[in-house]
Amino acid sequence: MIKWILNLFKRKKKTREPTLVAPKKDSPKKESFELKEGMIGIDISHHNKVTDMQKVVDGVDFIYMKATEGESFVSRVYDERARQLNQMDIPWGAYHYYRTGKDPKKQLAHFLSYIDVNSGLPPVLDVESINNNFKPNVHTAEILDILNGLEKATGIVPILYTNYYFCKDHIKPDESFLKYPLWIAWYRKDFNGVKIPKPWSNPKLWQFTSSGSINGIEGRVDINKVII
């Protein structure tokens, strides 16, 4: 009897069924939007407090949001913000924070279950220096496998987000990465002087500050510019 009672209090682990939406020809966001030079957008996570999403939308050209991290983490505000943005006239996209020491196949599947391919923006794989014990001969191949998997599953070429020194010194990508646009983080007032890691010659997106200010968001926020 005691064992039966204890079983009642055991919480079963909830899993999310894949919700990847197939591309639609009549999707206005996907069909009409293109990242064009000079456009300004933001990327936000659960750390950013959004007080008025409409004001945010009115102040930028596009929005990226953190969706997932590792094998199981999900931003607690992602689903609600995605619902809001799907009702507004702005393209948005999701990014996944890559973790070393976590199964790349599980990370891919986890991220795919939160991607909406009709949101208007390609999915992004975020690879940063906080990933300890990065081994190029192991983890660079994992990153490429995830990018390939995203493209195969969604039919959309994903973007790689990173910073110059971590990319150059740790990821050390080869020519096979060239098919994936680069989103580079380098904080300065103008693009002149921004270093671009090989094999890319230019990034698609440039995150030029982490201390921006946007109406509708409390505190500082990352701001990005489309380069090509």
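The values are calculated or read from the model by the stated rules, or taken from the named source; none is laboratory data. Since we're looking at a predicted model, the values are computed, not measured. We place every Cβ from the backbone using ideal geometry, glycine too, and count neighbours over all the protein chains shown.
Quick check: is even one residue across segment 44-58 at pLDDT below 95, within 18 Å of the chain's Cα centre (by Cα) and either under 25 Å from I217 (Cβ atoms) or assigned to a loop (DSSP other than H, G, I, E, B) (or both)? Scanning segment 44-58, I find no residue that is at pLDDT below 95, within 18 Å of the chain's Cα centre (by Cα) and either under 25 Å from I217 (Cβ atoms) or assigned to a loop (DSSP other than H, G, I, E, B) (or both), so the answer is no. Take the residues in segment 213-228 that are surrounded by fewer than 20 Cβ atoms within 10 Å (Cβ to Cβ) and among the polar types (S, T, N, Q); name whichever of them is farthest from V56 (Cα to Cα). Looking at residues that are surrounded by fewer than 20 Cβ atoms within 10 Å (Cβ to Cβ) and among the polar types (S, T, N, Q), I get S213.
Of everything in segment 190-216 that is assigned to a loop (DSSP other than H, G, I, E, B) and of a type in the set (S, T, N, Q), the residue that is farthest from L112 (Cα to Cα) is N192. Take Y64 and decide whether it is in contact (Cβ under 8 Å) with a residue 60 or more places away in the chain and touching a strand residue (DSSP E or B) at 6+ places or on another chain (Cβ under 6 Å). Against the criterion (in contact (Cβ under 8 Å) with a residue 60 or more places away in the chain and touching a strand residue (DSSP E or B) at 6+ places or on another chain (Cβ under 6 Å)), Y64 qualifies. Is there a residue being free of Cβ contacts under 8 Å to residues at least 24 places away in the same chain, crowded, with 20+ Cβ neighbours inside 10 Å and out of contact with any Pro (no Cβ under 8 Å at 6 or more places or on another chain) anywhere in segment 200-212? Within segment 200-212, one or more residues are free of Cβ contacts under 8 Å to residues at least 24 places away in the same chain, crowded, with 20+ Cβ neighbours inside 10 Å and out of contact with any Pro (no Cβ under 8 Å at 6 or more places or on another chain).
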